[in-house]
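What follows is a single structure, written as structure tokens, with notes after it.
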Amino acid sequence: MQRPIYLDCNATTPVDSRVLETMLPYFTEHFGNPSSVSHAYGWEAEAGVKQAREMIAKAINASPEEIIFTSGATEANNLAIKGVAEAYFSQGQHIITVATEHRAVLDPCLYLESLGFEVTFLAVDEDGLIDLDVLADSIRSDTILVSVMAANNEIGVLQPIQEIGRICREKEVFFHTDAAQALAKMPLDVEAMNIDLMSLTAHKIYGPKGIGALYVRRRHPRVRIASQIQGGGQERDLRSGTLYPPQIVGFGKAVELGLAEMDTEGERLQKLRDRAWEELSQLEGVYLNGHPNQRLSGNLNVSVAGVDGTALILGLQPVMAVSSGSACASQSTQPSHVIKALGRSDKLAHASIRMGMGRFTTAEEVDQAISHVITTIESLRKSQ
Ligand SMILES: Cc1ncc(COP(=O)(O)O)c(C=O)c1O
């Protein structure tokens with residue numbers, strides 16, 4: 001049986017064979033604990049970790065000691081938001097974020113709200129972008145953190161993080177960005193963009209699952225965070241737990257490859273996506289979700305009028321693997337909070353499909369998938 005065409009790269013990506021090759025020796029030969037400072041096994045593992053840390057730091061123009069390895073972007077977001085809240089609560093208890101953030105940002109914010117913090121959830125316009133004036137006006141004397149994602153996981157929209165960074169720096173408020181979807185897809189520079197904390201993950205860029213990092217600025221200004229996992233004191237005491245060298249070296253390699261191929265891949269994916277949209281937009285009642293250009297090159301998200309959302313996904317399933325709403329919360333039957341935030345009705349939010357194209361997606365696959373989407377929509381409309 002042929003497997004469906006994989007078009008869910010915003011949910012996760014396969015590990016690149018070059019990444020796997022880099023990881024393998026760290027399971028067996030170089031199995032040491034990087035914290036073991038008294039023998040060669042520890043040194044070898046630490047050397048791999050050091051190299052990956054340097055690679056990841058370089059990718060965002062940070063220094064290696066500003067990278068804290070975590071289990072992924074969920075943990076990095078939790079560490080950033082709760083860590084800053086705990087470290088600075090005596091200076092203020094107001095946080096600003098956006099309605100379209102990933103749950104890994106929204107839920108820690110809601111948790112803090114339950115503890116007495118105040119959170120402003122900024123709205124977005126119909127393209128999914130925040131209003132910078134509203135952001136600036138929302139910053140108060142007791143605001144300690146602004147958290148705005150770089151690229152949205154559902155609709156691919158790129159928020160203007162450079163401008164957001166400038167506003168936050170002027171107002172002397174820390175700026176955190178969830179860059180899980182943006183890493184190695186667009187240039188990220190913590191200095192030029194005035195970013196103070198940044199969440200990263202490996203599995204969206206052909207690295208392994210279960211590994212990510214939080215960038216925490218050390219100077220100009222220094223950001224303090226309270227650790228959320230205490231124990232052996234790894235990662236400068238900010239995130240205890242034995243480091244996992246195979247995952248870490250895989251993350252480093254994935255970043256290296258992603259950066260080297262970022263421009264050519266970006267162009268290729270954009271062409272594929274634009275061609276897919278050109279075809280799909282011929283159908284009546286198919287709406288693009290998110291800004292037409294200010295979005296990730298491999299992301300296409302559409303809402304389809306006149307069809308039932310569940311029937312649509314079931315119709316697509318045998319041929320293509322796509323997701324409806326957020327794959328990270330795909331068990332949810334609630335219409336996507338992101339599509340709803342664009343002003344779409346519940347019905348249109350339900351009948352939305354996200355296609356995420358990536359490194360291994362071919363033009364033939366996209367053509368085949370789009371023609372199946374069109375046939376499915378037409379036949380559902382006839383039968384409903
Ligand atoms: C924007 C965004 N933030 C956070 C996450 C969670 O990342 P992780 O799976 O590494 O915990 C994801 C994806 O799942 C994401 O797309």
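Across the range 3-20, which residue is nearest to the ligand (Cβ to nearest atom) among those that are in a loop (DSSP other than H, G, I, E, B) and β-branched (Val, Ile, Thr)? Looking at the filtered set, the residue picked out is THR12. Taken over the range 1-43, residues that are more than 22 Å from the chain's Cα centre (by Cα), polar (S, T, N, Q) and buried (at least 19 other Cβ atoms within 10 Å of the Cβ) amount to 1.
The sole residue among ASN77, ASN33 that is within 16 Å of the ligand (Cβ to nearest atom) and in the same structural domain as ILE248 (by the TED database) is ASN77.
Close Cβ contacts (under 6 Å, 6 or more residues apart or on different chains) running from residues in the range 85-106 that are farther than 18 Å from ALA11 by Cα and of a type in the set (D, E, K, R) to residues that are outside any strand (DSSP E or B) and more than 16 Å from the ligand (Cβ to nearest atom) comprise GLU86/ALA226. Whether any residue in the range 124-142 is surrounded by 24 or more Cβ atoms within 10 Å (Cβ to Cβ), under 27 Å from MET355 (Cβ atoms), in contact with a helix residue (DSSP H, G or I) (Cβ under 7 Å, 6 or more places away or on another chain) and not assigned by the TED database to the domain that holds GLY358 is what I want to check. There is no residue in the range 124-142 that is surrounded by 24 or more Cβ atoms within 10 Å (Cβ to Cβ), under 27 Å from MET355 (Cβ atoms), in contact with a helix residue (DSSP H, G or I) (Cβ under 7 Å, 6 or more places away or on another chain) and not assigned by the TED database to the domain that holds GLY358. If PRO64 passes every condition in (1) touching a Lys or Arg at 6+ places or on another chain (Cβ under 9 Å); (2) touching a residue at least 24 places away in the same chain (Cβ under 8 Å); (3) not basic (Lys, Arg) but one, which one does it miss? In the conditions (1) touching a Lys or Arg at 6+ places or on another chain (Cβ under 9 Å); (2) touching a residue at least 24 places away in the same chain (Cβ under 8 Å); (3) not basic (Lys, Arg), PRO64 misses (2) alone.
Would you please name the residue that is nearest to PHE175 (Cα to Cα), looking only at residues in the range 198-234 that are among the hydrophobic types (A, V, I, L, M, F, W, C) and in a loop (DSSP other than H, G, I, E, B)? Of everything passing the filter in the range 198-234, VAL223 is nearest to PHE175 (Cα to Cα).
Of the residues MET149, MET186, which is within 16 Å of the ligand (Cβ to nearest atom) and surrounded by fewer than 20 Cβ atoms within 10 Å (Cβ to Cβ)? Don't jump to the end; show me each part of the working.
Details: MET149 fails: surrounded by fewer than 20 Cβ atoms within 10 Å (Cβ to Cβ).
So the residue among MET149, MET186 that is within 16 Å of the ligand (Cβ to nearest atom) and surrounded by fewer than 20 Cβ atoms within 10 Å (Cβ to Cβ) is MET186.
Might you check whether a residue that is assigned by the TED database to the domain that holds VAL84, small (Gly, Ala, Ser), within 14 Å of the ligand (Cβ to nearest atom) and in contact with a Leu (Cβ under 7 Å, 6 or more places away or on another chain) occurs anywhere in the range 197-205?
Start the filter on the range 197-205 by keeping residues that are assigned by the TED database to the domain that holds VAL84, which leaves 197-205.
Then keep just the ones that are small (Gly, Ala, Ser); that gives 199, 202.
Pick out the ones that are also within 14 Å of the ligand (Cβ to nearest atom) and you get 199, 202.
Within this subset, residues satisfying the condition of being in contact with a Leu (Cβ under 7 Å, 6 or more places away or on another chain) are 199.
Yes, the range 197-205 contains a residue that is assigned by the TED database to the domain that holds VAL84, small (Gly, Ala, Ser), within 14 Å of the ligand (Cβ to nearest atom) and in contact with a Leu (Cβ under 7 Å, 6 or more places away or on another chain).
Could you check GLU46 against (1) away from the ligand (no atom under 16 Å from the Cβ); (2) farther than 21 Å from LYS253 by Cβ; (3) surrounded by 15 or more Cβ atoms within 10 Å (Cβ to Cβ) and say which number it fails? Tallying (1) away from the ligand (no atom under 16 Å from the Cβ); (2) farther than 21 Å from LYS253 by Cβ; (3) surrounded by 15 or more Cβ atoms within 10 Å (Cβ to Cβ), GLU46 fails exactly one: (2).
State yes or no: is ARG239 in a loop (DSSP other than H, G, I, E, B), within 16 Å of the ligand (Cβ to nearest atom) and not aromatic (Phe, Trp, Tyr)?
Values: in a loop (DSSP other than H, G, I, E, B): yes; within 16 Å of the ligand (Cβ to nearest atom): yes; not aromatic (Phe, Trp, Tyr): yes.
Taking the combined requirement at face value, the residue satisfies it.
Tallying residues that are out of contact with any Ser or Thr (no Cβ under 8 Å at 6 or more places or on another chain) and within 11 Å of the ligand (Cβ to nearest atom) within the range 80-106 yields 1. Scanning the range 260-297 for residues that are hydrophobic (A, V, I, L, M, F, W, C) and either out of contact with any strand residue (DSSP E or B) (no Cβ under 7 Å at 6 or more places or on another chain) or without any contact (Cβ under 8 Å) to a residue 12 or more places away in the chain (or both) gives ALA260, MET262, LEU269, LEU272, LEU283. Among the residues of the range 269-291, those identified as outside any loop (DSSP other than H, G, I, E, B), out of contact with any Ser or Thr (no Cβ under 6 Å at 6 or more places or on another chain) and closer than 28 Å to ILE130 by Cα are LYS271, LEU272, ARG273, ASP274, ARG275, ALA276, TRP277, GLU278, LEU280, VAL286, LEU288.
Only one of the listed residues (VAL223, VAL249, VAL216) is of a type in the set (A, V, I, L, M) and farther than 28 Å from ASN10 by Cβ. That residue is VAL223.
Being under 22 Å from the mean Cα position of the chain (by Cα) and over 30 Å from GLY290 (Cβ atoms) is true of GLU54.
Which ones in the range 148-187 are of a type in the set (A, V, I, L, M, F, W, C), over 18 Å from ARG219 (Cα atoms) and in a loop (DSSP other than H, G, I, E, B)?
VAL148, MET149, ALA150, ILE155, ALA179, ALA180, ALA182, LEU183, ALA184, MET186
So which of LYS209, LYS253 is under 24 Å from GLY48 (Cα atoms) and within 12 Å of the ligand (Cβ to nearest atom)? LYS209 is the lone residue from the list that is under 24 Å from GLY48 (Cα atoms) and within 12 Å of the ligand (Cβ to nearest atom). Among the criteria (1) at pLDDT 95 or above; (2) within 20 Å of the chain's Cα centre (by Cα); (3) surrounded by 21 or more Cβ atoms within 10 Å (Cβ to Cβ), the one VAL373 does not fulfil is (2).
The values are calculated or read from the model by the stated rules, or taken from the named source; none is laboratory data. Since this is a predicted model, take the numbers as computed values, not measurements. Here Cβ is always computed from backbone atoms with ideal geometry, including for glycine, and neighbour counts include all displayed protein chains.
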